[in-house]
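Participant: Below: one structure in structure tokens.
Laboratory data are not the source of any read-out in this text; all were calculated from the coordinates shown. Note that the coordinates shown come from a computational prediction; the quantities given were computed from them, not determined experimentally. Note: ideal-geometry Cβ built from the backbone for every residue, glycine included; neighbour counts use all protein chains shown.
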There are 2 protein chains.
Amino acid sequence: MSDKQSTKPPAGTRDFLPDEIRRRQYVIDVIRDVYEKYGFEPLETPAFENIETLLGKYGDEGNKLIFKILKRGEHEQTGEADLALRYDLTVPLARVVAQYQNEIPRFFKRYQIQPVWRADRPAKGRFREFFQCDIDGLGSTSPVIEAEILSAVGEILQRLGFQDFVIRLNHRRLLTALLDKAGLAPGQHGEALTAIDKLDKIGLDGVEKDLVARGIDAGTAGRLMASFATPAHGSLGALTLLLAGHESGAAALRELDAIVDLVASTPVAAKIRIDPSLARGLSYYTGAIMEAAVPDLAGSLGGGGRYDNLVGMFLGRDVPACGFSLGLERIIVVMTERNMFPAAIAGSPVDILVTIWNDETRADAIALAAELRQGGLRVDVYPEADKLGKQFKYASSRNVPFVAIAGDDERSRGEVAVKDLRSGEQTAVPRAGAAAFVAGTLNREP
Amino acid sequence: MSDKQSTKPPAGTRDFLPDEIRRRQYVIDVIRDVYEKYGFEPLETPAFENIETLLGKYGDEGNKLIFKILKRGEHEQTGEADLALRYDLTVPLARVVAQYQNEIPRFFKRYQIQPVWRADRPAKGRFREFFQCDIDGLGSTSPVIEAEILSAVGEILQRLGFQDFVIRLNHRRLLTALLDKAGLAPGQHGEALTAIDKLDKIGLDGVEKDLVARGIDAGTAGRLMASFATPAHGSLGALTLLLAGHESGAAALRELDAIVDLVASTPVAAKIRIDPSLARGLSYYTGAIMEAAVPDLAGSLGGGGRYDNLVGMFLGRDVPACGFSLGLERIIVVMTERNMFPAAIAGSPVDILVTIWNDETRADAIALAAELRQGGLRVDVYPEADKLGKQFKYASSRNVPFVAIAGDDERSRGEVAVKDLRSGEQTAVPRAGAAAFVAGTLNREP
């Protein structure tokens, strides 16, 4: 069977060995726990959708990046595709809302933590298979939804140990009003948003140049940049002055004001920054937009916003919605670089390894393992009757803190020898008390 | 965007709404917890593999059932596929072992709980996307591996509440020996195994007829069936007599004997049934084979065995291995039919819903929710200032046991009214003690 083919995972994908999964699982567990504490409920959808469900939903660029699945059997020869891999979690959500409209509650708060696939050119930190962790609140236009989402996201980041994150908050219609006020014609807004979306990467000057390159006159570009610059930047009062007389801009400001007011009593209050320059790439946002970031990561840890016209695309009538998507991979990158994972996660696969004294005592080793597991320990059994030194060395190499030895003497006395491989100390304990002894020693540690 | 396209998930796949996910997650958590207690470590691989990694590994039938992914960009027109969806968890494991041979331990005990995709014709209980929960112990031929796997699987089924399961145990070379002894030529073994594999479905008589239909003479078929019938069936002593003089058969029996001896002291001991007629479909097994079943399910809850020549297919040298795969969907089917899930799982999405008194007190409602979450509760906030009766009704419809009301009076007294929607009883409690009050009431229940 072997003809020396590559054993690497496909380009842009990764295998996750145990240590990496433990880190991922730790982050996912925190996210899930907080989302559930806020009343969001889990949803999962298939890895692939009927191809017509996805095509046309992500623009021309998106159509190209969708992984398409060949028809099967005799149709395989046609080269036609009838299925496609999930590209995001929002379109499947919209399909689910239409399909199960009579089963889901009026206010549907769902979270979904699943991989998505995009045929982007792989690059550092950009994968073709990656996880999205989405929450969305459907069925209400109330800013209580935005406030709860901001609060949940803030609590997740705090629980993970991020101290220095901020959540930038803006409103699509506030941004539109600023473009109006600066003198951009409605037809220029799309180009302008694309330029502004790069502010993080190229700065105010860079965006101003890009605007001019896109055919917007220098005076207009300058006025627009001024409205993003301090001191107006981030002050609701200054923005109110700036947008005096612009009705929809003023209304957007009042909505932002309401959200800020609602989160005032939550732990995330100190983390919110009104930022009129926040654009968010996607075109479907209709209200508040938000993005969580830390200083040492280009790009964001996640983002979202209100999109009142998208979820209804399969249903035929609009469903108001607001959502947020956390990027699992980016969170893990920063946590790894900053060494933020609890020590216990990088720890040992088991608490104790039961050694094999000789082939005749293998059954007794398995019995001892069963007793220790009964006592709450995670236990491995060395499979072969190798020399004890070799068995100890194996345990050490795997960071297992204890080994258990049940030699002829120990067994005749109803004891087991427990060796702490970190200190080298070996203690003979009554067999019935061995699990408690190990658990006690492990718990005494910081 | 809407042109009334189907909103169903693709044929053979399912959407999982919250209640269903909670059941799945409960089972997965038990499986993961037990596997880790036994020292198995998590592994995850990409949803798709390079197509040449999968083609030719599952026979002609398998090749047809693999979902293949079209090349992208300009190559899309060629109709060629370069990637394919994961078909099982064993081939990816073999690839991983070759790729990371210097990073994985000498005895690699891994578990992997991920979906696989097969383009089978969808039918009741047969899906095109389903989860496998695999454990495999690599690197040792010791029967300690078999014993630990049997013990772990038994503990999972017991923890899930299965009382009446059995794990049938056989050995590939014991079965071969019985075929020899009955007079089948080696060239007839493949046909015979295929027939025997249907024993569950068509019984001894059915298999005997099928053997004859496959060109095996009636006397040989009859002798073979006799060796599967009681009293020999399941008795190591009787089998030893039957196989006297057949060296490899006798060796296989000794290996089974060793496994039975090793699990004698574990809780799974009473569940093991030696069954010389157990065949298992896959051709790659080389030693012990096993299958877990309950009386009310046609087919098995899972199965596995030793396969010493498969994992090395990418590595170029053999790696001894033994594994077991639990079928998540089948476990859930039986648990659902038997009503085996703990009541708490089908329970409410949150412990309490904070109602909105009026638009002016929304921020206070969110503050109250934050306090209650701080106190350990799962809390939802009603998003709109609807009439209280409507908010109560919404909570009831979602099985939320409590609602919190902070009206003008309550707020002026520093209290909150907590209403138990099941009894209708409403209690005014100091706001600081509200979380403890609800938690206490919930905990007092059975």
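Participant: Just need the relative contact order of the stretch B:101-229 here, percent rounded to a whole number, with Cα pairs under 8 Å and 6+ apart.
Facilitator: Values: 91 pairs, mean separation 20.0, N = 129.
Across the stretch B:101-229, relative contact order equals 15 percent.
Participant: For B:Lys109, list long-range residues whose amide hydrogen, built 1.01 Å from N in the peptide plane, is under 5 Å from its own amide hydrogen.
Facilitator: Under 5 Å from the amide H of B:Lys109: B:Glu41, B:Leu138.
Participant: Relative to the other copies, what are the label-point distances for A:Leu297, with labels 7 Å from Cα along the C-beta vector, expressed in nm at one decimal and sorted shortest first?
Facilitator: In ascending order, 4.0 nm.
Participant: Expressed as a whole number of Å, what is the distance separating the alpha-carbon centroids of the stretch A:373-446 and the stretch B:1-78?
Facilitator: For the stretch B:1-78 versus the stretch A:373-446, the Cα centre distance is 40 Å.
Participant: Residues of the stretch A:369-397 with amide nitrogen under 12 Å from the 7 Å Cα-to-Cβ point of B:Arg159?
Facilitator: A:373-374, A:376-379
Participant: Could I ask something else about it? For A:Ser283 and A:Tyr100, compute 0.36 nm times the residue count separating them, minus their Cα-Cα distance, and round to one decimal in nm.
Facilitator: Working: separation 183, 0.36 × 183 = 65.88 nm, distance 2.64 nm.
Result for the pair: 63.2 nm of gain on full extension.
Participant: Excluding B:Arg128 itself, what net charge comes from residues whose Cβ is under 11 Å from its Cβ, given Lys and Arg +1 and Asp and Glu -1?
Facilitator: Neighbourhood net charge equals +3.
Participant: What residue in chain B has the Cβ closest to the axis turning B into A, and how close is it in whole Å?
Facilitator: Axis-proximal residue of B, distance in whole Å: B:Gly79, 1.
Participant: Moving on. Residue by residue, what Karplus-based ³J(HN,Hα) values in Hz, rounded to whole numbers, does the stretch A:332-348 have, using 6.51, -1.76 and 1.60 with θ = phi - 60° and x for Gly and Pro?
Facilitator: Per-residue couplings from phi come out as 5, 4, 5, 4, 6, 4, 8, 6, 8, 6, x, 4, 4, 6, 7, x, 8 Hz.
Participant: Follow-up question, since we're still on this one. If we restrict to alpha carbons, what Rg and Dmax does the stretch A:18-337 come to, in Å?
Facilitator: Just the Cα atoms of the stretch A:18-337 yield Rg and Dmax of 20.3, 67 Å.
Participant: Antiparallel as a % of all DSSP beta bridges within the stretch A:348-440, to the nearest 5? Mind dumping the intermediate values first?
Facilitator: Details: 9 of 15 bridges.
The antiparallel fraction comes to roughly 60 percent.
Participant: Taking the Cβ of A:Gly183 as the centre, find all other residues whose Cβ is under 10 Å away and add up their charges (Lys, Arg: +1; Asp, Glu: -1). Please report the intermediate quantities before stating the final value.
Facilitator: Working: positive: A:Lys181, A:Arg223; negative: A:Asp180, A:Asp217.
Residues near A:Gly183 contribute 0 overall.
Participant: Output, in nm with one decimal and in ascending order, the distances from the A:Gly414 label point to the matching label points of the other copies (7 Å from Cα along Cα-to-Cβ).
Facilitator: 5.9
Participant: Which residue, B:Lys71, B:Lys201, B:Lys387, tops the fluctuation ranking in a GNM of chain B built on C-alpha contacts under 10 Å?
Facilitator: B:Lys387
Participant: How many percent of DSSP beta bridges within the protein assembly as shown run antiparallel, rounded to 5? Intermediate values should be presented prior to the final figure.
Facilitator: Numbers: 99 of 121 bridges.
The antiparallel proportion sits near 80 percent.
Participant: Next question, about the same structure. Based on DSSP H runs of at least 4 residues, each adding -39500 (n - 2.57), what is the mean residue ellipticity at 222 nm of chain A after dividing by all its residues, to the nearest 500 deg cm²/dmol?
Facilitator: Details: 16 runs with 176 residues, N = 446.
After summing the helix terms and dividing by the residues of chain A, the value is -12000 deg cm²/dmol.
Participant: Can you tell me the dipole magnitude for chain B around its Cα centre, using point charges on the Cβ only (Lys, Arg +1; Asp, Glu -1), in Debye to the nearest 20? Please list the in-between numbers first.
Facilitator: On the way: 54 positive and 61 negative charges, 100 e Å.
That gives a dipole near 480 debye.
Participant: Relative contact order for the stretch A:53-172: what is it in percent, counting Cα pairs under 8 Å that are at least 6 residues apart?
Facilitator: Values: 122 pairs, mean separation 22.2, N = 120.
Rounded, it is 19 percent for the stretch A:53-172.
Participant: Kirkwood Rh and Cα-based Rg: tell me the resulting Rg over Rh for the protein assembly as shown, rounded to two decimals.
Facilitator: 1.01
Participant: I want to verify a result. In a Gaussian network model of chain A, Cα cutoff 10 Å, which of these has the top mean-square fluctuation: A:Asp19, A:Asp88, A:Asp408?
Facilitator: A:Asp408
Participant: Where does the charge balance sit around A:Gly303 when Lys and Arg score +1, Asp and Glu -1, over other residues with C-beta under 10 Å from its C-beta?
Facilitator: Values: positive: A:Arg168, A:Arg280; negative: A:Glu291.
Once positives and negatives cancel, what remains is +1.
Participant: Something else now. Considering Cα pairs under 8 angstrom that are at least six residues apart, work out the relative contact order of the stretch B:18-337 and quote it in whole percent. Don't skip to the end; give the middle numbers.
Facilitator: On the way: 529 pairs, mean separation 69.7, N = 320.
Relative contact order of the stretch B:18-337: 22 percent.
Participant: Another one. Using only the alpha-carbon atoms of the stretch A:279-367 as identical scatterers, what base-10 log of I(q)/I(0) does the Debye formula give at q = 0.10, 0.18, 0.21, 0.24 Å⁻¹?
Facilitator: -0.54, -0.90, -1.01, -1.13
Participant: How far is helix B:18-37 tilted off the main Cα axis of chain B, in degrees rounded to 10, range 0 to 90?
Facilitator: Helix B:18-37 sits at roughly 60 degrees to that axis.
Participant: Across peptide A:94-106, how many C-beta atoms of other chains are within 10 Å of each residue C-beta, on average?
Facilitator: Details: counts 3, 6, 5, 1, 5, 5, 3, 1, 0, 3, 2, 5, 5.
For peptide A:94-106, the averaged partner shielding equals 3.
Participant: Using alpha carbons only, how many degrees (0 to 90, rounded to 10) separate the axis of helix A:362-374 from the longest principal axis of chain A?
Facilitator: 50
Participant: I've got another one for you. Once amide H atoms are placed 1.01 Å from N in the peptide plane, what residues at a sequence separation of 5 or more from B:Gly407, or on another chain, have their amide H within under 5 Å of its amide H?
Facilitator: Under 5 Å from the amide H of B:Gly407 lie the amide H atoms of B:Ala417, each far enough along the sequence or on another chain.
Participant: Do any chymotrypsin sites (Phe, Trp or Tyr not before Pro) in the stretch A:46-96 lie in a DSSP loop with no more than 14 other beta carbon atoms within 10 Å, and if so, which? Don't jump to the answer; show the numbers that get you there.
Facilitator: On the way: sites: A:Phe48, A:Tyr58, A:Phe67, A:Tyr87; in loops: A:Tyr58, A:Phe67, A:Tyr87.
Taking the stretch A:46-96 and a limit of 14 other Cβ atoms within 10 Å, no loop chymotrypsin sites (Phe, Trp or Tyr not before Pro) are found.
Participant: On to the next question. Under a crude label model (7 Å from the Cα following the beta-carbon direction), how far is B:Gln114 from A:Glu76 in nanometres?
Facilitator: About 2.2 nm, to one decimal.
Participant: Right, next: Loop only by DSSP, 11 or fewer other Cβ within 10 Å of the Cβ. Give me the GluC sites (Glu not before Pro) in the stretch B:287-355 that pass, ordered by residue number. List each step's numbers first, then the result.
Facilitator: Values: sites: B:Glu291, B:Glu329, B:Glu337; in loops: none.
Nothing satisfies the criteria.
Participant: Can you give me the long-range amide H partners of B:Thr13? Hydrogens built in the peptide plane at 1.01 Å from N, cutoff under 5 Å, separation of 5 or more residues or another chain.
Facilitator: Result for B:Thr13 returns B:Arg128.
Participant: Taking chain A as a Gaussian network, where each spring joins two C-alpha atoms under 10 Å apart, which residue of A:Glu36, A:Glu415, A:Glu148 fluctuates the most?
Facilitator: With Cα springs under 10 Å in chain A, the top fluctuation among A:Glu36, A:Glu415, A:Glu148 is at A:Glu415.
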